[in-house]
Amino acid sequence: MFEFTITAKNARARAGVFTTPHGDLITPVFAPVGTQATVKTLTPSQVKDLGATLVLSNTYHLYLRPGDDVVAGLGGLHRFMRWPHPLLTDSGGFQVFSLAQTRHIDDEGVTFKSHIDGSTHRFTPQRSIRIQENLGADIIMAFDECSDPNDHEYSKLAMERTHRWAEICVKAKRRGDQALFGIVQGGVQEDLRTASAKFIASLDTPGIAIGGLSVGETKEEMHAMLDVMEPYLPENKPRYLMGVGTPEDLINGVLRGVDIFDCVLPTRLARHHSAFSPEGRLNLMNTTFARDERPVDETCDCYTCKTFTRAYIRHLIVAKELLAGTLISIHNLRALIRLMEEIRIYIVNGTFEEKVSLLLDQWKNNANRQMVNE
Ligand SMILES: [Zn+2]
C-alpha cells in the first residue's frame with residue numbers, strides 16, 4: 001500500500017501511479033474539493049464520470065459539522081458521502097488560520113472560535129491526526145502553520161513550528177491504512193524552503209505536501225520556490241501542491257515535478273457563472289450569450305458541452321435555476337481533469353517539455369488566480 005511508481009519522466013515532470021486502499025491514483029492528478037463532504041452541486045457519480053479519482057475534504061468543516069465522531073459512527077467519510085474512491089483530508093490548520101473568527105496560536109496548538117456559532121475549540125497536532133483518523137481518508141496531512149509569505153521573520157517561526165508539529169503527527173498516527181504527508185513551509189525564502197524540504201523529507205512520510213504557496217506571493221515567487229525545493233524532495237514519493245489549481249498553475253507545477261493538485265477554483269467559479277474556455281474565462285450571464293447556440297467549449301468532451309448551448313446555460317443563470325451551477329461545475333472540473341490527462345500523455349510520449357509553451361498559450365486567458373467572493 002502507498003507505493004508510488006514513476007512510469008515515465010520528461011525532464012522534471014513525472015507520470016506515476018500511487019496505490020491507496022481505495023484505488024490507484026494515476027498522476028499527475030487534479031482533485032476536486034468537497035469541503036463539506038460534497039463537491040458542491042454534483043453527485044458522486046457525476047464526479048466519477050468526469051474522470052476524477054481523488055476528492056479532498058476539509059477537516060475543520062467536518063469536525064465542526066457534523067462532527068468527526070458522527071462520521072466515524074456512520075462508517076467513515078468514504079461511506080458517509082458515498083465516494084468509495086481515494087479521499088484526502090487537510091489538517092484543519094489552514095482553515096483555522098483563515099476562517100475561525102478568532103484564534104490564538106501557541107507552540108502546542110491553536111485555540112479558535114467556530115465561524116458557525118462562536119464556540120471555542122482547540123486543535124493540536126495530535127488532535128488533528130485523531131480527527132483525520134475518525135474521518136478515515138486515504139491521504140491525511142500533518143498539522144502545519146501557513147504564514148503570510150511576505151512576513152519573512154514570521155515565516156521562519158511558522159516553519160520551525162510546522163517541523164515540530166510534523167514530528168508529533170508522525171508519532172501520533174495509529175491507523176496503518178492512511179498515508180500521512182508531511183508539509184513543507186517556509187514562505188518565499190529560498191533558505192527556509194530548502195531547509196524545510198530537507199527536514200520534511202527526513203521524516204520519511206509516504207508523500208510530501210507543499211504548503212504556503214498561492215497565498216499572496218507572485219507566480220514568479222511560487223515557481224522559484226518549487227525550483228529550489230525540488231532537488232531535496234525524494235524522487236520516489238508523490239508531491240502534492242496544496243490549494244493550487246488555475247490551468248496555468250497545473251502546467252507550471254507538473255513542469256516542476258509536482259504530482260497532485262487540488263483547488264476550489266473550478267467549482268467556485270461555476271457558482272459565479274464563470275467557465276474555463278480556450279477564449280478565456282466566459283461569464284455566461286453576459287447578454288452576448290443570449291442567442292449563442294455554441295457549447296461552452298467546442299473542444300470539450302464533457303456532458304455539458306456535448307448537450308447544452310451557452311444560450312440555455314445563460315437562461316438558467318438568469319432564471320436562478322440550480323442546474324446552472326451543476327452544468328458549469330461539470331465543465332470546469334472536466335477541463336482541468338482533461339488537461340491533466342493530456343499532460344500525462346505528453347509526459348509518457350516524452351513531448352511534455354516541448355508542449356509547455358503551447359499549453360500555456362492555450363490557457364493564458366484563464367490564468368487569473370483571483371477568486372470571486374463566496
Ligand atoms: Zn465542457
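Scanning the stretch 241-252 for residues that are in contact with a strand residue (DSSP E or B) (Cβ under 8 Å, 6 or more places away or on another chain) and in contact (Cβ under 8 Å) with a residue 60 or more places away in the chain turns up 242, 243, 245, 249, 250. Residue count for the stretch 270-296 under the criterion of being within 13 Å of the ligand (Cβ to nearest atom) and modelled with pLDDT of 95 or more: the result is 8.
From the list 95, 132, the lone residue that is at pLDDT 95 or above, polar (S, T, N, Q) and out of contact with any Pro (no Cβ under 7 Å at 6 or more places or on another chain) is 132. If residue 362 meets every condition in (1) at pLDDT 95 or above; (2) in contact with a Pro (Cβ under 8 Å, 6 or more places away or on another chain) apart from one, which number is that one? If we test residue 362 against (1) at pLDDT 95 or above; (2) in contact with a Pro (Cβ under 8 Å, 6 or more places away or on another chain), just (1) comes out false. So for the stretch 215-232 (the condition being aliphatic (A, V, I, L, M), away from the ligand (no atom under 16 Å from the Cβ), at pLDDT 95 or above and touching an Asp or Glu at 6+ places or on another chain (Cβ under 7 Å)), does at least one residue qualify? Checking the stretch 215-232: at least one residue is aliphatic (A, V, I, L, M), away from the ligand (no atom under 16 Å from the Cβ), at pLDDT 95 or above and touching an Asp or Glu at 6+ places or on another chain (Cβ under 7 Å). If you go through the stretch 97-114 and pick out every residue that is hydrophobic (A, V, I, L, M, F, W, C) and over 18 Å from residue 149 (Cβ atoms), you end up with 4.
Among the residues of the stretch 316-337 satisfying the criterion of being open to solvent by 60 Å² or more (accessible area, probe 1.4 Å) and in contact (Cβ under 8 Å) with a residue 24 or more places away in the chain, which is farthest from residue 26 (Cα to Cα)?
First, pick out the residues of the stretch 316-337 that are open to solvent by 60 Å² or more (accessible area, probe 1.4 Å): 318, 320-323.
Right, trim to in contact (Cβ under 8 Å) with a residue 24 or more places away in the chain and you get 318, 322.
On the way: 318: 39, 322: 32 Å.
By that ranking, first place goes to 318.
Return a yes/no flag: does the stretch 284-297 have any residue that is open to solvent by 70 Å² or more (accessible area, probe 1.4 Å) and part of a helix (DSSP H, G or I). Yes: one or more hits. Just one of the numbered conditions (1) out of contact with any helix residue (DSSP H, G or I) (no Cβ under 7 Å at 6 or more places or on another chain); (2) β-branched (Val, Ile, Thr); (3) in a loop (DSSP other than H, G, I, E, B) is not true of residue 116: (1).
Condition (residue is farther than 29 Å from residue 181 by Cα and within 21 Å of the chain's Cα centre (by Cα)) applied to the stretch 279-295: is it met by at least one residue?
We begin by selecting, within the stretch 279-295, every residue farther than 29 Å from residue 181 by Cα; these are 279-295.
Restricting the remaining residues to those that are within 21 Å of the chain's Cα centre (by Cα) gives 281.
There is at least one residue in the stretch 279-295 that is farther than 29 Å from residue 181 by Cα and within 21 Å of the chain's Cα centre (by Cα).
Sub-6 Å Cβ pairs linking a first residue in the stretch 20-47 that is modelled with pLDDT of 95 or more to a second residue that is buried (at least 16 other Cβ atoms within 10 Å of the Cβ) and of a type in the set (Asp, Glu), at least 6 apart or interchain, are 20/138; 21/138; 22/138; 27/259; 28/259; 31/262; 33/262, ordered by first then second residue.
Just one of the listed residues (172, 142) is more than 30 Å from residue 52 (Cα to Cα) and at pLDDT 95 or above, namely 172.
Applying the criterion of being in a loop (DSSP other than H, G, I, E, B) and among the hydrophobic types (A, V, I, L, M, F, W, C) to the residues of the stretch 50-101, the residue that is most open to solvent (accessible area, probe 1.4 Å) is 74. When residue 179 is tested against the conditions (1) of a type in the set (A, V, I, L, M); (2) out of contact with any Gly (no Cβ under 8 Å at 6 or more places or on another chain); (3) touching a residue at least 24 places away in the same chain (Cβ under 8 Å), the lone failure is (2). Among the criteria (1) open to solvent by 10 Å² or more (accessible area, probe 1.4 Å); (2) touching an Asp or Glu at 6+ places or on another chain (Cβ under 8 Å), the one residue 156 does not fulfil is (2).
Conditions (1) charged (D, E, K, R); (2) more than 15 Å from the ligand (Cβ to nearest atom), marked per residue:
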residue: 298; (1), (2): yes, no
residue: 310; (1), (2): yes, no
residue: 317; (1), (2): no, yes
residue: 321; (1), (2): yes, yes
residue: 327; (1), (2): no, no
residue: 341; (1), (2): yes, no
residue: 346; (1), (2): no, yes
residue: 349; (1), (2): no, yes
residue: 353; (1), (2): yes, yes
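The values are calculated or read from the model by the stated rules, or taken from the named source; none is laboratory data. The structure presented is a predicted model; accordingly, all values stated were derived computationally and were not measured. For neighbour counting, all protein chains shown are included, and Cβ atoms are generated from backbone atoms with ideal geometry for every residue, glycine included. Please note that ligands, DNA and RNA were not included when accessible areas were found on the heavy atoms of the full protein model with its side chains. Shrake-Rupley method; radii C 1.70, N 1.55, O 1.52, S 1.80 Å.
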